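Peer 1: First, the structure itself, so that you have it in front of you.
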Amino acid sequence: YSGLMEEPLYRFVWHSISETGRWQGEMANSHKDGTSYVEWLSIHTLKDELGLVSHYIAIFSDISERKTAEARLVYMAKHDVLTDLPNRILLQDRLTQAIIQAELGKCNVAVMFMNLDRFKVVNDALGHLIGDKLLQEAANRIRETVRACDTVSRQGGDEFVIMLPNVIQTGIVDTIALELLKAVSAPYLIDGNEIEVTTSIGVSIYPGHGQDGDVLIKHADAAMYYAKKVGRNNYQFFTREMRERAQEHMAIEKNLRRAVERNELCLYYQPQVDLKNGKIIGVESLLRWNHPQSGMIPPGQFIPIAEENGMIVPIGKWVLLEACRQNQAWREMGFPEITMAVNLSVVQFRQKDLGEVIVAALHKTGLNPSGLELEITEGAVMQDAEAAISLLHVLKDYGVNLSMDDFGTGYSSLSYLKRFPINKLKIDQSFVRDATIDPDDAAITSTIISMGRNLKLKVIAEGVETAEQLAFLKQQGCDEMQGYLFSRPILAENFTRLLASARESDGQWHYDNQE
């Protein structure tokens, strides 16, 4: 009798011994010096020749270390190793209990989904060790900001979910969200590096935004993405419009996987024209999705989803191969050689084997590297400028042409621009659209053309739709154009007929419209 167990247990043990002659189980006991331990105890009775109990034999083993290890395993199964926060398993358990209590008490439960803004930039620039320390410090700040009854969990990466139970007035959610934005955005000093990050927060409320934990987390996640979309470093509540977008998002993602399997994706081609003589000197391949029920789905609806879930990598590989194959086919038909422009997404540009994929596509189709032009955005290049510059030099040396797409909308500096081994600048259509009516857009367009000329780069304007825009571009000395004024994107067979209709008169080229 150590006194460390409840009295009813001892009565149960003696009752079992009296009835069956034995008992075994866990027991808390103590050494002579007073230190406690957990033992596995087996007690048996010995009887004499008259059948009376003469002895009790107890055999025990110290299982303290095993119990400690078991407790640690149970703890680790429900907590994040890096931050020591509850993981999604423990969060779901507490969220389920909070919803039950909220239903009984007629109150609300709030779920906040947090994501650190541009954390990957910090991770890539300073390394994963500092990135991990940043996550730990951010986790501490979040934990210190919320209420004692709230649960802060880490979902993985730089994503955190906070569950706020017993919310009587939703105003407290606004207060905590504002405090979280302030706490996370304060500068961090980690291993001599001063780091600044912000966070985007999405909020859902039980019962209005969902009846169970999974739905609440999903809707808070959707609200978080909207917070990022409208500028980051803010919080947004889930809305009906977000629910509709989330449902549409899920439907598109599901159908997109089938689209790849069912060969519903196709390429359209838009000519690129030399402004001096009107000759088609290039073509841009544009991805389209022809859904059997919904018809043609705009790329702006499905490409961001493909980038988000990683499907853009195999899709982009197919686009590259098909575009190279088509250009080689036109060359084998005897048409004048043109350059095939293919867009590379930010996700593709981060793939370590991108160079091998491009070379393999050229090798498989037989297209000369000079027949391929890769269009990359400033944002894609600047995510890891040094690595990007190295890859671009390899591609340029191989003979591939490189174009800076949507130039003027990104954030690269001129010091980087002069290091990029590009052949061409592409003026974004947002500048071209109002260049003839907006002095600022006219000045930007003119400056880009002049910059390209000074850097000995070709300049192409996209989105040219009117004769006035064309006249302005010619006056400014732009080299090439692309847009509806000459041709909309068309299927390969129509583009073939367009090339076949070419005729020259007085140094100018003319084509029959194939739309």
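The values are calculated or read from the model by the stated rules, or taken from the named source; none is laboratory data. Small disclaimer: the values here were computed from a predicted structure and weren't measured. All Cβ positions, even for glycine, are placed from backbone atoms using ideal geometry, and neighbour counts span all protein chains on display. Protein only, heavy atoms only, side chains kept; ligands, DNA and RNA dropped before computing areas. Shrake-Rupley method; radii C 1.70, N 1.55, O 1.52, S 1.80 Å.
Peer 1: Given the criterion in contact with a Lys or Arg (Cβ under 8 Å, 6 or more places away or on another chain) and either surrounded by fewer than 21 Cβ atoms within 10 Å (Cβ to Cβ) or closer than 21 Å to I280 by Cα (or both), identify the matching residue among L391, L473, L374, L455.
Peer 2: Values: L391 fails: in contact with a Lys or Arg (Cβ under 8 Å, 6 or more places away or on another chain); L473 fails: in contact with a Lys or Arg (Cβ under 8 Å, 6 or more places away or on another chain); L374 fails: in contact with a Lys or Arg (Cβ under 8 Å, 6 or more places away or on another chain).
So the residue among L391, L473, L374, L455 that is in contact with a Lys or Arg (Cβ under 8 Å, 6 or more places away or on another chain) and either surrounded by fewer than 21 Cβ atoms within 10 Å (Cβ to Cβ) or closer than 21 Å to I280 by Cα (or both) is L455.
Peer 1: Select from region 17-37 the residues that are part of a strand (DSSP E or B) and among the hydrophobic types (A, V, I, L, M, F, W, C) and list them in ascending order.
Peer 2: Matches in region 17-37: W23, M27, A28.
Peer 1: Give me the strands (runs of 3 or more DSSP E) completely within region 166-231, filtered to those with at least 3 residues that are touching a helix residue (DSSP H, G or I) at 6+ places or on another chain (Cβ under 6 Å), ordered by residue number.
Peer 2: Where strands (runs of 3 or more DSSP E) fall fully within region 166-231 and carry at least 3 residues being touching a helix residue (DSSP H, G or I) at 6+ places or on another chain (Cβ under 6 Å), they are 199-206.
Peer 1: For N166, state whether it is farther than 19 Å from D150 by Cα and either among the polar types (S, T, N, Q) or open to solvent by less than 50 Å² (accessible area, probe 1.4 Å) (or both).
Peer 2: no
Peer 1: Additional query: Please find, within region 458-467, the residue that is nearest to the chain's Cα centre (by Cα) out of those that are over 23 Å from L402 (Cα atoms) and surrounded by 13 or more Cβ atoms within 10 Å (Cβ to Cβ).
Peer 2: Pass one, region 458-467, residues over 23 Å from L402 (Cα atoms): 465-467.
Cutting the leftovers down to surrounded by 13 or more Cβ atoms within 10 Å (Cβ to Cβ) gives us 465-466.
Numbers: E465: 34, T466: 38 Å.
By that ranking, first place goes to E465.
Peer 1: Of all residues in region 349-371 being part of a helix (DSSP H, G or I) and open to solvent by 60 Å² or more (accessible area, probe 1.4 Å), which is nearest to F407 (Cα to Cα)? Can you show your working first?
Peer 2: Applying the first criterion (part of a helix (DSSP H, G or I)) to region 349-371 yields 349, 354-365, 369-371.
Going one step further and asking which of them are open to solvent by 60 Å² or more (accessible area, probe 1.4 Å), we end up with 356, 363-364.
On the way: E356: 26, H363: 30, K364: 31 Å.
In this case the residue turns out to be E356.
Peer 1: Give region 279-306 a look and list any residue that's open to solvent by 70 Å² or more (accessible area, probe 1.4 Å) and assigned to a helix (DSSP H, G or I), or say none.
Peer 2: Q301
Peer 1: Also, quick follow-up: If I filter region 235-245 for residues that are surrounded by 14 or more Cβ atoms within 10 Å (Cβ to Cβ) and of a type in the set (S, T, Y), do I get at least one hit?
Peer 2: yes
Peer 1: Counting only residues that are within 14 Å of A110 (Cβ to Cβ) and open to solvent by 50 Å² or more (accessible area, probe 1.4 Å), how many does region 205-234 have?
Peer 2: 2
Peer 1: If you don't mind, there's one more thing I want to ask. Of the conditions (1) more than 27 Å from the chain's Cα centre (by Cα); (2) at pLDDT 90 or above, K67 fails just one. Which one is it?
Peer 2: The number of the failed condition is (2).
Peer 1: Let me ask you something else. For region 259-277, enumerate the residues that are under 30 Å from E504 (Cβ atoms) and either open to solvent by less than 30 Å² (accessible area, probe 1.4 Å) or not in a strand (DSSP E or B) (or both).
Peer 2: Once the filter is applied, which keeps residues that are under 30 Å from E504 (Cβ atoms) and either open to solvent by less than 30 Å² (accessible area, probe 1.4 Å) or not in a strand (DSSP E or B) (or both), region 259-277 yields L267, Y269, Q270, P271, Q272, V273, L275, K276, N277.
Peer 1: What is the residue count in region 186-204 for residues that are open to solvent by 70 Å² or more (accessible area, probe 1.4 Å) and touching a Gly at 6+ places or on another chain (Cβ under 8 Å)?
Peer 2: 0
Peer 1: Select, from I444, I448, the only residue that is touching a Gly at 6+ places or on another chain (Cβ under 8 Å), open to solvent by less than 40 Å² (accessible area, probe 1.4 Å) and among the hydrophobic types (A, V, I, L, M, F, W, C).
Peer 2: I448
Peer 1: Ok, one more. Any chance you could count how many residues in region 172-185 are under 30 Å from I100 (Cα atoms) and open to solvent by 40 Å² or more (accessible area, probe 1.4 Å)?
Peer 2: Qualifying residue count for the region: 5.
Table: residues versus (1) in contact with a Ser or Thr (Cβ under 8 Å, 6 or more places away or on another chain); (2) open to solvent by less than 40 Å² (accessible area, probe 1.4 Å); (3) among the polar types (S, T, N, Q).
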| site | (1), (2), (3) |
| --- | --- |
| E70 | no, no, no |
| D84 | no, no, no |
| E103 | no, no, no |
| V111 | yes, yes, no |
| H128 | no, no, no |
| A148 | no, no, no |
| S153 | no, yes, yes |
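Peer 1: Follow-up. Quickly run through region 38-68 and pick out the residues that are assigned to a strand (DSSP E or B), open to solvent by 50 Å² or more (accessible area, probe 1.4 Å) and either of a type outside the set (A, V, I, L, M) or on the phi > 0 side of the Ramachandran plot (or both).
Peer 2: Start the filter on region 38-68 by keeping residues that are assigned to a strand (DSSP E or B), which leaves 38-47, 53-62.
This time we only want the ones that are open to solvent by 50 Å² or more (accessible area, probe 1.4 Å), so: 40, 44, 46-47, 53-62.
Result: W40, H44, K47, S54, H55, Y56, F60, S61, D62.
Peer 1: A further question follows. I'd like to check something: does region 79-102 contain any residue that is at pLDDT 90 or above, farther than 30 Å from I205 by Cα and β-branched (V, I, T)?
Peer 2: No, region 79-102 has no match at all.
Peer 1: Mind checking which residues of region 98-137 are among the basic types (K, R) and closer than 22 Å to T175 by Cβ?
Peer 2: K106, the sole residue that qualifies.
Peer 1: Still on this model: Look through region 400-418, keep the residues that are under 22 Å from the mean Cα position of the chain (by Cα) and within 15 Å of Q429 (Cβ to Cβ), and return whichever of them is modelled with the highest pLDDT.
Peer 2: Ranking the qualifying residues of region 400-418, first place goes to D405.
Peer 1: While we're looking at this one, here's another question. Given the structure, is M340 of a type outside the set (V, I, T), in contact (Cβ under 8 Å) with a residue 40 or more places away in the chain and surrounded by fewer than 15 Cβ atoms within 10 Å (Cβ to Cβ)?
Peer 2: No.
Peer 1: Quick test of your reading of the structure: G355 fulfils all but one of (1) within 25 Å of I315 (Cα to Cα); (2) touching a Gly at 6+ places or on another chain (Cβ under 8 Å). Name the failing condition by number.
Peer 2: (2)
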